[in-house]
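The values are calculated or read from the model by the stated rules, or taken from the named source; none is laboratory data. This one's a predicted model, so the numbers in the text were calculated from it and none came from an experiment. Note that each Cβ is placed from the backbone with ideal geometry, even for glycine, and that neighbours are counted across all protein chains shown. When the accessible area is computed, the model is the full protein with side chains, heavy atoms only, and any ligands, DNA or RNA have been set aside. Shrake-Rupley method; radii C 1.70, N 1.55, O 1.52, S 1.80 Å.
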Amino acid sequence: MKRFSVGLYVLLSSFLNPYQSSIAVSHSKTINIIPRPVSVQLLDGEFSLRQDVVIKVVHQDSRLRLIAEKLKTRIEAASDFELAMNGDDVDPDAKQIVLVLDERFRKLGDEGYQLVVHSDEVIISAAEPAGIFYGVQSLLQLLPPEIEESDAGSSRWQIPCVEIIDYPRFQWRGQLLDVSRHFHSLDHLKRNIDNLARLKMNKMHLHLTDDQGWRIEIKSLPKLTEIGAWRVDHNDKLWWERPFPNPGEKATCGGFYTQEEMKELIRYAQGLYVEIIPEIDLPGHARAFMAAYPEVSCDGAHYDVATGGDERNKDVCPAKDATYEYSEKILTEVAALFPSKYIHIGGDEARMQGWKNCPDCKKKMQDEGLANFHELQSYFMSRVEKIINQNGKTMIGWDEILQGGLAPNATVMSWRGEVGGIEAVKMGHDVIMTPNTFCYLDLKQGDPELEPPELGYGQLLLPTVYSYNPIPHGFNDEQAGKILGVQANLWSESLVYEEQANYMLYPRLLAVSEVGWSPQELRNWPDFVRRMEVMLTRFDVLGIDYALSAYNVWISPHYGEKASGAVFKLETEAGTVDIRYTLDGSEPTNTSTLYQKPFQLHKTSTIKARSFKDGKPYCRMATTRTIDIHKAAGKPVLLDPEASALFNFGGKMPTDSRILTDCVRGSASQVGVGWLCFN
Ligand SMILES: [Zn+2]
C-alpha cells in the first residue's frame with residue numbers, strides 16, 4: 001500500500017461543504033454514453049433492432065468478424081432473435097448493422113470511430129479494429145440496459161438516430177488491480193476486464209508481487225509460488241491488526257496464476273482490446289520473494305510471507321549476485337509471457353532498513369562510488385532496466401525511481417501527487433498520471449462514518465476523481481505529449497472479496513474512464529451524474545456492486561456576519577435526489593420533512609438526513625449530526641499558527657477556523673468531517 005505521511009491532526013469541529021448544487025437536467029431523449037463522446041449529433045427517428053436485422057462486416061478481417069460475432073451473441077442472448085450475418089443467405093433489402101474498416105477515418109487515430117444510426121442502417125467506421133470495437137461499445141450503450149441481460153425477451157430494442165464521432169484524449173486509460181495483498185480469481189479478473197472494455201479503458205496493470213504474496217508462476221524459480229504465494233490466514237482480521245505468523249503455522253491463504261492461466265487471461269483481454277501490464281515490485285515490497293529465496297535478502301535469515309500490513313524488513317539486497325541472477329530469470333520469463341512492451345518494476349517505498357547493516361551493501365557502495373541508499377537503489381534500478389531492455393521491453397516504475405538518478409529509458413508512474421510526474425516530464429521521460437489525490441480508488445469514497453468500516457482509509461470523493469485533469473497546469477504541448485494518460489489504482493489491503501473491490505471501483509472508475517477519454521472542455525459534473533445514473537441501471541442488470549456515496553447527505557453550517565445562530569445546509573454531491581430529515585434523532589423516512597432550503601437552529605438538536613429517489617432511500621445510511629448550540633456559536637476564532645491544507649485530498653481539507661465554533665462535532669476519523677490540520 002502507498003501510505004501517506006501525515007502531520008498532526010486535531011479533532012475540531014465541522015467541515016465546509018465543497019460542493020456546488022447541481023443543475024437539473026432533463027431526462028428526455030438524451031445520449032447517455034460513458035465516457036462522453038467527442039461529438040454527438042442527434043438526428044430524427046429511431047432504428048428498430050428486430051429479428052430481420054443483418055450484421056454485415058465489410059472486408060473479411062478476422063478481428064472485425066470476431067467483434068461482429070460478439071455483438072450478435074450479446075443481442076441474441078438478450079432478445080429472442082436469431083440475427084443473420086453477411087455470408088449467410090440474407091435479404092439484400094434487410095436493415096443492416098455495418099462494421100467497416102475505412103482509411104478515411106485514420107485521422108481519428110487507432111481507437112477512434114464514427115457511429116451513424118439512421119432508421120434503416122447503423123454504420124460503424126474506423127481505421128482500426130479497436131475503433132470498431134469502441135463503436136460497438138457505444139452502440140450497446142444506446143440500447144436499453146436490458147441488452148446486458150440474458151433472456152430480456154420482448155423489450156423495445158430502439159436505438160436513437162445519431163451521428164457520433166469519437167476518439168480518446170489519452171492512449172493510456174488504465175486500472176491497477178492489486179492481486180498480491182489478496183488473491184483474486186481469474187474469473188474476477190475477467191469480469192473486471194469486461195468493465196474496462198465497456199468504459200473504453202485499455203490497460204490492466206496487475207500488481208503481481210508484494211510482501212503478502214507472489215502471484216505468478218516462474219518456472220525456473222518454483223519456490224516463488226510454492227512458498228511465496230501462501231501465507232497464514234488472518235483474513236478475518238483488519239489488515240493492520242493481523243499478527244505475525246508463529247513458527248510452524250500452516251500457510252493456507254493465497255494462490256497464484258500458472259503461466260498457462262495467465263496466457264488465457266492475456267488472450268481474453270486482447271479480445272476486449274485490453275493490454276495486461278505485469279508488475280514485479282523490486283527492491284522493496286519483496287518479502288514474499290525473500291521468503292522463497294532468503295539468499296536475496298541482506299541477512300539471509302528466514303522470512304515469512306507477511307499476513308497483513310506489518311512494516312518489517314522487506315527489501316531485497318541490491319548488492320548480492322543472487323538478487324541479480326534471480327531477477328534476470330524472473331524478468332526473462334515475464335517478458336516472454338506478457339506481450340505488452342512494458343514491464344512495471346515497482347521501485348516504490350524501499351525502507352532500506354536491511355541495507356544499513358549489510359556488509360555487501362556497504363562494499364557495493366564503496367566500489368561503485370554511491371553516496372547514499374537512494375543512489376544504491378538507483379544503481380539497482382539501472383541494472384534491472386538493462387535486463388528489461390535486453391528483453392525488448394520498456395521499464396515503468398513508481399515515481400521513487402527518480403530519487404538518486406532515474407534509470408535512463410524508464411517511464412514513470414506518478415503516485416505521490418503529480419510532483420514526480422512533472423519532474424520526470426521535464427527530464428524527458430514518458431509519464432502516466434495516477435496521483436493518490438485523484439486516482440487511488442482504495443480510499444474511502446465518502447464520510448468515513450457512512451462507509452463500510454472494514455473498507456479503505458482516507459477519503460477520495462467521486463467529484464474529486466471526476467475533476468482531475470492529467471495535464472498539469474502550465475505544461476506546453478510538447479510536455480503535455482509526454483503524459484501518456486491516466487490510471488486508477490485499486491490496492492487491495494482491505495479487499496478480500498470481489499463485491500468489495502467492485503464497491504470501491506464503481507462508480508469512481510466511470511469518472512476515471514471519462515478523465516482518460518473525453519475532451520477536457522466537455523467535462524461537466526451534472527451531465528456526468530445523469531449519464532452515470534443510467535450506467536448504474538446497467539450495473540443493476542449485470543449484478544455489479546457499486547457505491548452510492550455520492551448520494552450521502554453532507555450537513556454543513558453557515559454563519560452570517562451577525563452570528564445570530566447557525567444556518568444549516570443539506571446537500572449531496574450528485575444533487576439529483578430528494579433529501580429528507582428529522583431533528584429529533586429519529587430515522588428519516590420518505591414522509592419526513594423534505595429539505596428545500598437552509599434552515600436555522602436555535603436550540604441543541606440532532607439532524608438526521610438521508611437521500612431518497614422515487615420514494616426509496618438512495619444511500620447506504622443517514623447522516624447524523626448533533627448540534628450543540630452554545631454562546632460561542634459562530635464566533636470568529638484566531639488561529640496561531642494557521643491551519644494547513646497539507647493533508648489535502650483534492651483540495652478538500654478545510655482551513656477555516658470557524659469550524660471550531662460551528663457547533664458540529666467532528667467525525668471519528670480525522671479525514672472525515674470537522675478536522676483542521678496543523679503542519
Ligand atoms: Zn545488502
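Some observations on this one:
- Between TRP214 and ALA229, TRP230, the built amide H atoms are under 5 Å apart, and every one of these is 5 or more places off in sequence or on another chain.
- Excluding same-chain neighbours fewer than eight residues apart, the aspartates and glutamates reachable from LYS364 by a Cα-Cα span under 14 Å are ASP321, GLU375.
- Beta bridges from DSSP with both residues in the stretch 39-166: antiparallel share about 55 percent, rounded to the nearest 5.
- Residue among SER644, ILE55, GLY213 farthest towards the positive dipole end of the chain, charges placed on Cβ: SER644
- Whole-Hz ³J(HN,Hα) from phi, Karplus 6.51 cos²θ - 1.76 cosθ + 1.60, for the stretch 566-575, glycine and proline x: 7, 10, 9, 10, 10, 7, 10, 5, 5, x
- Accessible area expressed per residue, the stretch 172-522, with surrounding protein chains retained (probe 1.4 Å, Å²): 33 Å²
- Here the 3J(HN,Hα) profile of the stretch 417-431, calculated from phi with Karplus coefficients 6.51, -1.76 and 1.60 at θ = phi - 60°, is x, 9, 4, x, x, 5, 4, 5, 4, 5, 8, x, 8, 6, 9 Hz, Gly and Pro shown as x.
- Ordering of 42-51, 525-534, 246-255 by packing [mean C-beta count within 10 Å, highest first]: 525-534, 42-51, 246-255
- Taking each DSSP H run with n ≥ 4 as -39500 (n - 2.57) and averaging over every residue of the chain yields -7500 deg cm²/dmol at 222 nm.
- Summary of the geometry: the stretch 229-250 and the stretch 465-504, compared by the centres of their Cα atoms, lie 31 Å apart.
- Based on C-alpha pairs under 8 angstrom that are at least 6 apart in sequence, the stretch 172-522 has a relative contact order of 18 percent.
- The simple Förster model, with R0 at 22 Å and r as the Cβ-Cβ distance, assigns SER155 and ASP91 a FRET efficiency of 0.35.
- Inter-centroid distance (Cα atoms) of the stretch 100-142 relative to the stretch 252-296, Å: 35 Å
- Added length on full extension, which subtracts the Cα-Cα distance from 0.36 nm per residue, ASP360 to ASN469: 34.7 nm
- Applying a 4.7 Å cutoff between beta carbons, the unpaired cysteines of the chain are CYS161, CYS253, CYS439, CYS619, CYS663, CYS677.
- The antiparallel fraction among DSSP beta bridges confined to the chain stands at about 50%.
- Within the straight-line cut-off of under 18 Å between alpha carbons, the aspartates and glutamates reachable from LYS250 are ASP211, GLU226, ASP233, ASP236, ASP304, sequence neighbours fewer than 8 places apart in one chain being disregarded.
- Taking 17 Å as the straight-line reach from the Cα of LYS200, the aspartates and glutamates in range (excluding those fewer than 8 positions away in the same chain) are ASP110, GLU111, GLU128, GLU148, ASP166, GLU275, GLU514.
- Estimated vicinal HN-Hα couplings, Hz - the stretch 128-139 in sequence order (Karplus 6.51, -1.76, 1.60; Gly, Pro = x): 10, x, 4, x, 4, 4, 6, x, 5, 4, 5, 4
- Atom-type composition of the exposed protein surface of the chain places 49 percent of the accessible area on carbon and sulfur (1.4 angstrom probe).
- Potential lengthening of the chain between ARG74 and LYS426 amounts to 122.1 nm, from the contour at 0.36 nm per residue minus the alpha-carbon distance.
- Considering only beta bridges that DSSP places wholly inside the stretch 172-522, some 10 percent are antiparallel.
- Gyration tensor (alpha-carbon) shape descriptor, the chain, a/c threshold 1.5: oblate
- Pairs over the 24 Å Cα-Cα cut-off, from the set LYS341/LYS362; LYS320/LYS482; LYS223/LYS363; LYS263/LYS444; LYS72/LYS190; LYS237/LYS608: LYS341/LYS362; LYS320/LYS482; LYS223/LYS363; LYS263/LYS444; LYS237/LYS608.
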